[in-house]
Amino acid sequence: MKTRIISGLILIPIVIFFLAKGGVYLQGAILFLSLVGMYEFYRAMHKTFQPLHLLGYGCALIYLIFAQFFINADNMFNILVSVFLVLLLAAMVIFHNRVMVQDIFVTFFGFFYVCFLLSHIYLVREYAYGQFFVWLIFISAFGCDTGAYFTGMLFGKHKLIPSLSPKKTIEGAIGGVVVGTLLAVLFGLSVETMFQLDEVNTVLLCFVTGIVGSILSQIGDLAASAIKRTVGIKDYGTLIPGHGGVLDRFDSVMFTAPAVYYIMLFLIEVL
């Protein structure tokens, strides 16, 4: 527990620095996390499958290095994904004695599960008012995690999904959503008090994000547990002492980031 707390205290200012700086700093950080996370995922899958990790890394590099281009150019991401899939299928044909269709599925999924989901942190930061709303990704995820822990510890009686996570309770899950949403709304009220954001209902955006993000953060955590249980590992890695690997620490953030991005896309443009 002591190691976990110390690592967390070190990690927090690092996260704050990159989110505050944005731009190429955050882009580089997301690229690093994506490559490490994909490595952890492919290594975990390697016990059962043979992912074509180099093709996966290559697609992630192209996507994140030229992220701004893919954001602004219509259909270019679709072209990248199509080329990626064709290359994977071509590899299966050329190396048909060694590469199975399951290996292709795992490689393809690894890019989307890790790199694509994490990239939404950068997409949120680069979007309109992203310097404010990017914090909601972590507020809803970590706020929910903290709220679920203490609520479950105090009031937890009914197990949520014991086969995946024996310690999680229904009461903890509800408490996590309540705390995550409350923190998001308080953040929205603070932003609205200090800044004037034109044509944005800040509190509504934060409220919706708090609810959706808190629910998805728990799904992300349980999904990671399900994958680890399937391949028979406890942690994805050891990069962050006391926390495990990138995927162990950011499993919930990977699900809240897209939620924040698409909620922003809808509420800012439509309302």
Can you name the helices (runs of 4 or more DSSP H) wholly within the stretch 81-150 that have at least 2 residues being closer than 18 Å to ILE16 by Cα, touching a residue at least 40 places away in the same chain (Cβ under 8 Å) and of a type in the set (D, E, K, R)? 117-126
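Within the group LEU61, LEU54, LEU26, which residue is assigned to a helix (DSSP H, G or I), under 16 Å from the mean Cα position of the chain (by Cα) and aliphatic (A, V, I, L, M)? Give the steps one after another, and end with the answer.
Values: LEU61 fails: under 16 Å from the mean Cα position of the chain (by Cα); LEU54 fails: under 16 Å from the mean Cα position of the chain (by Cα).
Only one candidate passes the filter, namely LEU26.
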Take THR202 and tell me if it is hydroxyl-bearing (Ser, Thr, Tyr) and crowded, with 23+ Cβ neighbours inside 10 Å. no
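Among the residues of the stretch 110-120, are any in contact with an Asp or Glu (Cβ under 9 Å, 6 or more places away or on another chain) and either hydroxyl-bearing (Ser, Thr, Tyr) or modelled with pLDDT of 95 or more (or both)?
Yes, there is a match, as at least one residue in the stretch 110-120 is in contact with an Asp or Glu (Cβ under 9 Å, 6 or more places away or on another chain) and either hydroxyl-bearing (Ser, Thr, Tyr) or modelled with pLDDT of 95 or more (or both).
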Filtered residues of the stretch 223-261 (kept if exposed (fewer than 15 other Cβ atoms within 10 Å of the Cβ) and without any contact (Cβ under 8 Å) to a residue 12 or more places away in the chain): THR230, LYS234, THR238
Across the stretch 212-271, which residue is modelled with the lowest pLDDT among those that are polar (S, T, N, Q) and not in a helix (DSSP H, G or I)? THR238
Take the conditions surrounded by fewer than 17 Cβ atoms within 10 Å (Cβ to Cβ), free of Cβ contacts under 8 Å to residues at least 40 places away in the same chain and among the aliphatic types (A, V, I, L, M) and apply them to ILE211. Does it pass? no
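Does SER163 meet the test of being part of a helix (DSSP H, G or I) and loosely packed, with under 15 Cβ neighbours inside 10 Å?
No.
The values are calculated or read from the model by the stated rules, or taken from the named source; none is laboratory data. In this text the structure is predicted, and so the values were computed from the model without any measurement. Cβ: placed from backbone, ideal geometry, glycine included. Neighbour counts: every protein chain shown.
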